[in-house]
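The block underneath contains the structure these notes are about, expressed in structure tokens.
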Amino acid sequence: MSQDSALPPITVVVPTLNEAAYVRACLDSVLAALAPVGGEVLVVDGGSTDGTRAMVADYAARGVRLVDNPSRVTPWAFNLGIQQSRSPLVGIVSAHSRVHAAFFLAAGRRLAAGDAEIVGGPVATEPGTDGLMGWLLAQVVSHPFGVGNSRFRVATAAAYVDAVPFAVFKREVFDRVGLFDTELVRNQDTEFFGRAARAGVRVFMDPEVRSVYRARGTLGGLLRQGFRNAYWNVKVWRQNPSAFQWRHAIPGLFTFSLLAGGALALALPPFRPILGLELAVYAAAAVGAAIHIAARSRRAAALLLPPIFFLYHFCYGAGSIAGLRWLLAGRRPASPGHGGEAARA
């Protein structure tokens, strides 16, 4: 396909760290989508030891450059890619994702029309592993009951939104807002979009700028991800109140109410019906969500989702409580795990 000469080229930044299972599919999709507009791809690698770097080297002749990220953490990868880019537009995607053929062309056209300064799109979540559990976990993070009003996960209509995970940015946005915060091992995208909103930067979700993301493949992996994301969210809120979103806070309130309600119910019997009512309301909502997914997917196995929803929400809430403990003590949160993907906001 010939390049659209009316649009500027795009530098695409792909952070990696041991992504051998995903990086080829990601780069193939990125290069195909980039062909209509032209540009370059920077794979910013944190010292992979699983063959990722050799795989990326195979793409050198197709305009893919390998950039070293000695810090091994995501915000440094973003910033190194942005600083080394040679284009007026910068795209950021995850190595766990595959972008649609029109991703960069549609985003470039939307930016050229002046509709926004950042353009992304809806993200379809696919199972991280084969089998029933992989499918169930993908449903948890792609349904409103699981992730709230995270528009890019649950909606497909064109709209202005608070955040998108994989997007194309006008380079001037970084001059205006700054780069990603390298103190945030996780959730640096949440903090960045909070700053962007405060600066009046417009973020647009275009249904043509769509992508596919692979969810966690194990229940333990999903629960750890939820806990860690929530843990770092509290640090983000303290540092940048503009990044606060109720969908991130509600699980923490839920978990706290269960812990406090449980303690009160043990000590004071009159509180037991209140705790029971809360659990009954949650169970009804979880079952309703499971029935909706079962009807939509025509898979009765979705009726197994309520306990997984509960575990995910409880662990996410526990992460918020743990992060709050560090902040109230006036101490910087210790990292409960490095890394993290952009698809989280």
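Only one entry of ALA101, ALA57 meets the criterion of being small (Gly, Ala, Ser) and in contact with a helix residue (DSSP H, G or I) (Cβ under 6 Å, 6 or more places away or on another chain), and that entry is ALA101. Restricting attention to the range 96-139 and to residues that are part of a strand (DSSP E or B) and small (Gly, Ala, Ser), the residue that is surrounded by the fewest Cβ atoms within 10 Å (Cβ to Cβ) turns out to be ALA124. Scanning the range 257-273 for residues that are within 19 Å of ILE321 (Cβ to Cβ) and not aliphatic (A, V, I, L, M) returns SER257, GLY261, GLY262. Residues in the range 234-252 that are of a type outside the set (Phe, Trp, Tyr), surrounded by fewer than 22 Cβ atoms within 10 Å (Cβ to Cβ) and part of a helix (DSSP H, G or I): ARG238, GLN239, PRO241, SER242, ARG247, ALA249, ILE250. Total residues in the range 49-103 satisfying the condition of being among the aromatic types (Phe, Trp, Tyr), more than 12 Å from VAL13 (Cα to Cα) and within 23 Å of the chain's Cα centre (by Cα): the figure is 1.
Do the conditions hold for VAL64, that is, is it crowded, with 24+ Cβ neighbours inside 10 Å and either at negative phi or in contact with a His (Cβ under 7 Å, 6 or more places away or on another chain) (or both)? Give the steps one after another, and end with the answer.
Numbers: crowded, with 24+ Cβ neighbours inside 10 Å: no; either at negative phi or in contact with a His (Cβ under 7 Å, 6 or more places away or on another chain) (or both): yes.
No: the conditions fail for VAL64.
Within the span defined as the range 297-315, every residue fails to be surrounded by 15 or more Cβ atoms within 10 Å (Cβ to Cβ), in contact with a Gly (Cβ under 6 Å, 6 or more places away or on another chain), in a helix (DSSP H, G or I) and modelled with pLDDT under 95. Hey, can you tell me all the residues within the range 140-153 that are buried (at least 22 other Cβ atoms within 10 Å of the Cβ) and of a type in the set (S, T, N, Q)? Answer for the range 140-153, where residues must be buried (at least 22 other Cβ atoms within 10 Å of the Cβ) and of a type in the set (S, T, N, Q): just SER150. Among the residues of the range 253-276, is any buried (at least 16 other Cβ atoms within 10 Å of the Cβ), under 25 Å from GLN239 (Cα atoms) and touching a helix residue (DSSP H, G or I) at 6+ places or on another chain (Cβ under 6 Å)? Looking for residues that are buried (at least 16 other Cβ atoms within 10 Å of the Cβ), under 25 Å from GLN239 (Cα atoms) and touching a helix residue (DSSP H, G or I) at 6+ places or on another chain (Cβ under 6 Å), one finds at least one in the range 253-276, hence yes. Counting only strands (runs of 3 or more DSSP E) that sit completely within the range 155-233, those holding 1 or more residues that are farther than 22 Å from VAL90 by Cβ and of a type outside the set (Val, Ile, Thr) correspond to 211-214.
The values are calculated or read from the model by the stated rules, or taken from the named source; none is laboratory data. If you're wondering where the values come from, they're calculated on a predicted model, not measured in any experiment. Heads up, the Cβs are rebuilt from the backbone with ideal geometry, glycines too, and the neighbour counts pull from every protein chain shown.
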